[in-house]
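**Student:** Quick one: this structure, given as structure tokens, is what I'll be asking you about.
The values are calculated or read from the model by the stated rules, or taken from the named source; none is laboratory data. Keep in mind that what you see is a predicted model, and the values were worked out from it rather than measured. Every residue, glycine among them, receives a Cβ derived from its backbone with ideal geometry; neighbour counts consider all protein chains shown.
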Amino acid sequence: MAKLITLLCLLLCSPMLIAQSSQTNDELVSASVDAEALYDSGFELLSDLPTKNQIPLFDNRFRIDENVDEITLLLFRKRGSASVVLVKPDGSKIHFSTAEEQNVRWHDASTFDLIQIKNPAPGPWQAVGRLLPQSRILVLTDIKLTVDPLPANMLVGETIKVTARLTNGNEPINAKDFRDVLALEVIFMSTNNADYDNFGRGVVQVAHFRDDGKGYDERARDGIFTGEFQLRFVSGEWIPKYIVNTPLYSREVEQAPVVLKAAPIIADITSSLAVDETHPNVEALPHEVVFRITDESVKAESLLLQGRVRYPNGEVDEFALNEPGLAPRELQLRNLGHGSYILDVSAYGEMQDGRQFMLNLPEISFVVNRPVQEAPVLEELPQSIKDEIAAEQAEAEPEPEPEFPWALVIVANMVILFGGGFAIWFIIADKQLADLMFWRKKDSTAAPSIAGAQQNSSKTEKKPADVQKNNDMDDILDLTLPDD
């Protein structure tokens, strides 16, 4: 029986591999070529994987619990890189060349590794290689996470009910086996299809449920998650993903992509003029809101609307439109003056395929402006009153400000510049204050006496030197001989 389950898992995982005991090596090589072709055509090998139980792969690491009977690893890697190396919990390694010796089936392609391990060792594993985020780790085990499929024609604003089960051998898991209360996380991932409005939106955290018997959960710690979440994000093509993390087990389930449609109901608003406060006896016309169905997949006769309206003055009224028929639903609102009118509307109906739905429409609001009134025409005033008004206006006129003294500013700046330049020159030329008193004349009587004294002193000082000089010249020039 276990072998049959293993064969079915491989058949769903990749159509190119059929685990039969009579498969030859030539068939395995042919399957390798087919797998590479599938990879080149856009990871078509993953087409059957989203509905299988998976183990999270984070930073090339994953953990296998003790209840796993068989594991299948589909590890995509960069083109041209070497095959991955698996590191077991005890530290030993599994290579492609040694896989057969360790009873591991390993298919090595140019862009991915397809590995099948029976009765893997529990604990932390690691895949060493240049892996791509498209890699998947599928498990064949008694512990499974199953989630009911979502409707194919979901609508923006719709409330969806989800039921997920975590079982062990088709029996609900007793919560005593876990340290914490079980929790289910629901996320939606954009397919990044350029044909839809959610292109490039990434991941949306939708809901987080606990198996605690609160809210929409029926029973606490029974391994069954029941809850509701509202699709409050943009329309487009999304991939639903469910994750259960516990200290002992981790399971993920990806479902097939679903298309989220825009809300099929729109509101046409016809606003009337605001009530005129100056004429309270004049009756104001009500505002009108008409709800129309824009999607033929919705049965028009099944549409029911209810909600509430908030008026500008703060009043709140509730309404319900449950008349049968195919005609658009009409709602009349009281005219309570200018301001914002805000409607919160919930819709109930049935799709053409019989599925019932409930959704909250986006907030509907419109603004009514204050009525514009013409100013009354004044009668002609007497000339005396006009003269008084003109006189008051003349007195009220402010006196003209005096003109700015540009000439004085320019002269002051010139004086500052010339004064500063002269001061700098005076310091650099090493002048004294006495040099500036040019009107004072020098004493002429004192000058000659001083000059004479200096001349006499110089003569007195030079006299011994002249005597010596003459003596020397006499000694040199007296070369004559006596006549005798």
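**Student:** Filter the range 286-301 for residues that are part of a loop (DSSP other than H, G, I, E, B) and not small (Gly, Ala, Ser); which is farthest from Glu158 (Cα to Cα)?
**Tutor:** Once the filter is applied, the top-ranked residue is Pro286.
**Student:** Which of the residues that make up the range 130-142 are crowded, with 19+ Cβ neighbours inside 10 Å and either hydrophobic (A, V, I, L, M, F, W, C) or not in a strand (DSSP E or B) (or both)?
**Tutor:** Leu131, Ser135, Ile137, Leu138, Val139, Leu140
**Student:** Okay, next question. Filter the range 302-327 down to the residues that are outside any strand (DSSP E or B), modelled with pLDDT of 90 or more and over 19 Å from Ser365 (Cα atoms), then identify the one that is farthest from the chain's Cα centre (by Cα).
**Tutor:** Residue satisfying both the conditions and the ranking: Ser302.
**Student:** Which of the following residues is modelled with pLDDT under 80 and among the charged types (D, E, K, R): Asp26, Asp65, Asp59?
**Tutor:** Selected residue: Asp26, the only one of Asp26, Asp65, Asp59 that is modelled with pLDDT under 80 and among the charged types (D, E, K, R).
**Student:** Any residue at all in the range 88-106 that is surrounded by 15 or more Cβ atoms within 10 Å (Cβ to Cβ) and either modelled with pLDDT under 80 or closer than 14 Å to Leu131 by Cβ (or both)?
**Tutor:** So far as the range 88-106 goes, no, none of its residues is surrounded by 15 or more Cβ atoms within 10 Å (Cβ to Cβ) and either modelled with pLDDT under 80 or closer than 14 Å to Leu131 by Cβ (or both).
**Student:** If you don't mind, another one. What strands (runs of 3 or more DSSP E), lying completely within the range 334-423, carry at least 1 residues that are within 57 Å of the chain's Cα centre (by Cα) and at pLDDT below 80?
**Tutor:** Hits in the range 334-423: none.
**Student:** Something else about it: What number of residues in the range 262-294 are within 45 Å of the chain's Cα centre (by Cα) and at pLDDT 75 or above?
**Tutor:** 21
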